[in-house]
Amino acid sequence: MKLYKKVNSRYHVADVVDVAEAYVHCTAGTVGTSIRSPMDTEHFLKARLSNLEHELFCCVYLDNRHRVIAFEELFRGTIDGTSVYPREVVKSALQHNAAAVILAHNHPSGVAEPSQADERITKRLKAALELVDIRVLDHIVVGHAKCTSFASRGLL
């Protein structure tokens, strides 16, 4: 991807957006980066998930200081859903030696409103991860223009 394009001594707005997205994509969520705010996480996840045509369920694994250990795409679905298996999420979190996780998935429809199924799987994942002392800090649903945080809505 070109990071800039100069036309008539000016940069196009779309090119500036591309540069910003590339920066966020490259810096946020990299190993060792601290998650300092929900906005850091949302910017990173929007850059990774907002324009996909299929649903993707991911985890950001964190150490006890909320530094990123890994970002992993766990389950890929269709345009309107994906199957999530708590056993696999727990297995992966343990392999990464995570102290905490941030769950995330996108809605290809562009609407970031969590469904009842999203709420149910979040409760199941939280319960499964609690059994092995791994905290679920948030579950973020990514739409085209915005993200919805389960933690900010009091759903965790």
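Does the stretch 93-105 hold any residues that are without any contact (Cβ under 8 Å) to a residue 60 or more places away in the chain and not small (Gly, Ala, Ser), and which are they? LEU94, GLN95, HIS96, ASN97, VAL101, LEU103, HIS105, listed by residue number. Output yes when any residue across the stretch 60-69 is among the polar types (S, T, N, Q) and over 14 Å from ILE35 (Cβ atoms), and no when none is. So far as the stretch 60-69 goes, no, none of its residues is among the polar types (S, T, N, Q) and over 14 Å from ILE35 (Cβ atoms).
Filter the stretch 48-81 down to the residues that are surrounded by 14 or more Cβ atoms within 10 Å (Cβ to Cβ), not aliphatic (A, V, I, L, M) and not in a strand (DSSP E or B) and list them by number. Across the stretch 48-81, the qualifying residues are ARG48, SER50, GLU55, ASP63, HIS66, GLY77, GLY81. Listed by first and then second residue, the pairs with beta-carbon distance under 8 Å, at least 6 apart or on different chains, first residue in the stretch 69-92 and in contact (Cβ under 8 Å) with a residue 12 or more places away in the chain and closer than 14 Å to CYS59 by Cα, second acidic (Asp, Glu) and in a strand (DSSP E or B), are SER92/GLU72. With outside any strand (DSSP E or B) and β-branched (Val, Ile, Thr) as the only criterion, which of VAL101, VAL90, VAL141, VAL136 stands out? After applying the criteria, what remains is VAL90.
Bear in mind these aren't lab numbers, they're just calculated from the coordinates by the rules spelled out. Nothing here was measured: the structure is a model prediction, and the numbers come from that model. Virtual Cβ from ideal backbone geometry, glycine too; neighbours counted across all protein chains shown.
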